[in-house]
1. Kindly evaluate Ala63 against the criterion of being surrounded by 24 or more Cβ atoms within 10 Å (Cβ to Cβ), at pLDDT 95 or above, not β-branched (Val, Ile, Thr) and not in a loop (DSSP other than H, G, I, E, B).
2. Are any of the residues in region 162-171 in contact with a Leu (Cβ under 7 Å, 6 or more places away or on another chain) and under 30 Å from Ala83 (Cα atoms)?
3. Could you say which residue among Ser135, Ser111, Ser147, Ser85 is outside the structural domain of Leu224 (by TED's automatic domain parsing), more than 21 Å from Ala221 (Cβ to Cβ) and among the hydroxyl-bearing types (Ser, Thr, Tyr)?
4. Name every residue in region 173-207 that is more than 15 Å from Ala52 (Cβ to Cβ), surrounded by 21 or more Cβ atoms within 10 Å (Cβ to Cβ) and of a type outside the set (Val, Ile, Thr), in order of residue number.
5. With the condition being free of Cβ contacts under 8 Å to residues at least 60 places away in the same chain, I'd like the strands (runs of 3 or more DSSP E) fully within region 71-181 carrying at least 1 qualifying residues.
6. Cβ-Cβ distance below 8 Å, separation of 6 or more or different chains: which pairs start in region 235-247 with a residue that is assigned to a strand (DSSP E or B) and end on one that is of a type in the set (Phe, Trp, Tyr)?
Amino acid sequence: MQVIEKLRDRAMNRKLAVVSAIIVVCTIAASSYAVLELNMNGQGLIVYSADAYVLESNTILNAFHNTTGYPVAPAIGAGSYSAASSIGQGAPADIFISVAKGAFDRSYLLSRYSGWAVAFASDQLVLAYSSATLSNATAKSIIAMFSQANASNSSTAYYAAFSNLTSGAVKVGIANSSDDPAGLRGWLALEIAGYLYDRGNVGYFVNSTLGNNASVSSLNAALLVAPLEAGYIQFLFIYKSAAIAHGLGFISLPASINQGEPGMSSFYSKFTYGTVRGSPIFLYATVLANSSRSTESYAFLGYLVNNTNILSGFGMYPLQPCILFSSVQDPPEIAALVSEGHLAYGGPL
């Protein structure tokens, strides 16, 4: 049974892109010793990355190093908010890459707050499963329900699929929403599903999940991959790029639910989980204030916005032009990228 939907038209060449990504990853492995040595000598560009995107960050970093010769260090992975807090408390860093726009706030970064961030690629939320999931009859039937719903685009079919998903008959991994934006996105997906398929009742599938003890949480989605592969949980809300990186099967969700369509920003913003309002899933980067390697940092940013196609191999959608969110006067390097058409304003940070 074919479960995974074909990718949207803009990603029809994914297989070729994945091969390219594998080649780049092999390059990373071959050069890792040299990169580590540079870091130990205190010369490498230091990047903090959301832990779900360490592989992607290292791919870009090493491509940048191979092209420019600038020394780089392996990306340091952490939860978006914990990484921002570490940076604000003095951890050495030049670049911050995060999937949470809120993590760039001054309240986390303190003196390292730059006041701007560039969205350079979009991702989407999927419902991942493993080979162990397929040996569970109930979970397998839920996969079939989503497959039918995706094929028919029937609200009734989606209602049945989400009802069974949240019934407690299977366990669904949803990372802690206060630590990992992927967890927040999972709860927002359930809110949107309730709104769409239960007559505007945004709490329906959230309450079903909680009331039926259907969810399993962890500090971040990456920590739930092993339980998924072992069969302790049957499904996991995770980013598509992460599902691909881990070799997981996944169910694609409608654009209205997967939060991966930049053009649906207004719709996503109607939903709030906790204090966070829904928005498209973007991967952002900033050059941190007071960086001792500002020349290399802005060179990296310039390389990044011109080479976002590297990320297509991870199932992400490169943004061209990239989107600048800023609450300060643009630094000269950013203003130049705007004037050259590489960045377009998206609003305040």
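The values are calculated or read from the model by the stated rules, or taken from the named source; none is laboratory data. Predicted model only: the values in this text are computed from it and were never measured. As a convention, Cβ positions derive from the backbone with ideal geometry for all residues, glycine included, and neighbour counts pool all protein chains shown.
1. no
2. Scanning region 162-171 turns up no residue that is in contact with a Leu (Cβ under 7 Å, 6 or more places away or on another chain) and under 30 Å from Ala83 (Cα atoms).
3. When all the criteria are applied, what remains is Ser111.
4. Listed by number, the residues that qualify are Trp187, Leu188, Ala189, Leu190, Glu191, Ala193, Gly194, Tyr197, Tyr204, Phe205.
5. Output list reads 76-78.
6. Correct list of pairs: Phe235/Tyr129; Leu236/Tyr129; Ile238/Phe250.
One line per residue, one yes/no per condition, for (1) buried (at least 23 other Cβ atoms within 10 Å of the Cβ); (2) touching a strand residue (DSSP E or B) at 6+ places or on another chain (Cβ under 6 Å); (3) hydrophobic (A, V, I, L, M, F, W, C):
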position	(1), (2), (3)
Gln259	yes, yes, no
Ser265	no, no, no
Phe271	no, no, yes
Gly274	no, no, no
Leu283	yes, yes, yes
Ala289	no, no, yes
Tyr303	no, no, no
Leu311	yes, yes, yes
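Residue-by-condition table, conditions (1) crowded, with 18+ Cβ neighbours inside 10 Å; (2) of a type in the set (Ser, Thr, Tyr):
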position: Ala73; (1), (2): yes, no
position: Asp94; (1), (2): yes, no
position: Arg112; (1), (2): yes, no
position: Val126; (1), (2): yes, no
position: Tyr129; (1), (2): yes, yes
position: Ala137; (1), (2): no, no
position: Ser163; (1), (2): no, yes
position: Thr166; (1), (2): yes, yes
